[in-house]
1. Filter region 246-261 for residues that are over 17 Å from residue 299 (Cα atoms) and either touching a Cys at 6+ places or on another chain (Cβ under 9 Å) or surrounded by fewer than 24 Cβ atoms within 10 Å (Cβ to Cβ) (or both) and give the result.
2. Residue 242: touching a Phe, Trp or Tyr at 6+ places or on another chain (Cβ under 6 Å) and either buried (at least 24 other Cβ atoms within 10 Å of the Cβ) or not basic (Lys, Arg) (or both), yes or no?
3. Considering only region 33-42, how many residues are within 19 Å of residue 246 (Cβ to Cβ), of a type outside the set (D, E, K, R) and either out of contact with any Ser or Thr (no Cβ under 8 Å at 6 or more places or on another chain) or at pLDDT 85 or above (or both)?
4. Out of curiosity, is residue 105 within 20 Å of residue 141 (Cβ to Cβ) and assigned to a helix (DSSP H, G or I)?
5. Looking only at region 151-166, count how many residues are out of contact with any helix residue (DSSP H, G or I) (no Cβ under 7 Å at 6 or more places or on another chain) and assigned to a helix (DSSP H, G or I).
6. May I ask you to verify whether residue 324 is at pLDDT below 85 and within 17 Å of the chain's Cα centre (by Cα)?
7. Mind counting the residues in region 31-48 that are in a helix (DSSP H, G or I) and either crowded, with 18+ Cβ neighbours inside 10 Å or touching a strand residue (DSSP E or B) at 6+ places or on another chain (Cβ under 6 Å) (or both)?
8. Residue check: is residue 339 at pLDDT 75 or above and either surrounded by fewer than 24 Cβ atoms within 10 Å (Cβ to Cβ) or part of a helix (DSSP H, G or I) (or both)?
Amino acid sequence: MSLILDSLFSSVALSHFIVDTFNASRPVLLTYLGLSESQIALFSTIYIWTSALTQPFFGWISDRTGPRWLAAGGVLWMAVFYTAALLIPGDAGLACLIIAALGSSAFHPVGAVQATLRGRDLLKGRETTSTSIFFTAGQLGHFIGPIITGLLLTRYKLPGLFIIPVVSIPIAFSVMYQLRANHPHPKSLQGNRSNRLQAGILFIVVLALVATLQSWAQANMVNLIPKYIKDLGQGATIYGSMAGLFMGGSALGNILGGYFGDRYPKRYVASAVLFLAAIPIYIASLIGWSWWLFVLIPMAGAFTGAVHSIMVVLSQRIIPGGMALASGLALGFIFSSGALGLLFSGHLAEVYGFPFVLTMTTGMVLLASPLALLLKEPAK
């Protein structure tokens, strides 16, 4: 049976799409509200940390209670507090937006595990492929989110954004129905002690470094690109579209990374795409405003995004405990480390300009590329 036609997988993937549509609208909304680079970076860091650092907790809960209520409840939680953020002006509204991030935190570990399990069942164990498709659904949300946010703000101002939570409600009830069996998650497939010892400290440290550099590079692009394009004289439709194109490219890269990661050693795939990512990012740092950015930005997204599902699957194999806890720890670390880097990048963008940050980002992916070659997988 096709994975895409599987009702459980498709409902989880669609939920991921809408959750990350909420998440992706944030940088465009903050830009529209007139925040500076440092303010956007600070707020985004708080938002991402709120989501990332609580993911292991929600993963631990779902390993024991099952995925149903955290998956559906996460979507509904985001709908409620995103709506509140639009209705309430000033700092209180921004606080509601941060609270909405807890819905994303509740959903992500549960969704990642469901994607992995469906890949094992329906794709003869090709879990990296199924996980990459799941993350691609989220990155399509990151692609659509900034674009639709920019269009709605241009045409209808803030009231237009109420469309997003309205659309999310039937999606939440759909995933609630599909997960009605609510089975607790199994232990990590390769989470036994001997396998973790084979992985070794070097593997874990290198995995953390590569994941940090990849996440930081993506955070720089998706959160600061809208402000950069706005400063170059473009409107909300253009700077929203640019952030969306980066994540649209990332969605495509995720599929390719999952496909090749199941067929070739994951470390070679990760190293190659990170090296290739340096090319469009560096060119973008040189040219200022140009229609070529509509080509370079999605290329950068594709090459950096191809690594994401590989990092998560490798983490699931070496982290002990239930699968949702492992996924939560991995995703929490990836997102929070990228957010911490973003806080530094936002300050540098204000002081030296965003082209400087792009050059720094080029160096980051070039550093991550040879490090990825050290990620020799432990024996199964």
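1. 259, 260
2. no
3. Of the residues in that region, 0 qualify.
4. The answer is yes for residue 105.
5. Here the count works out to 4.
6. For residue 324, the condition - at pLDDT below 85 and within 17 Å of the chain's Cα centre (by Cα) - is met.
7. Residues meeting the conditions: 10.
8. The answer is yes for residue 339.
The values are calculated or read from the model by the stated rules, or taken from the named source; none is laboratory data. Note that this is a predicted model, so its numbers are computed, not measured. With ideal geometry, Cβ positions are generated from the backbone for all residues, glycine too; neighbour counts draw on all protein chains shown.
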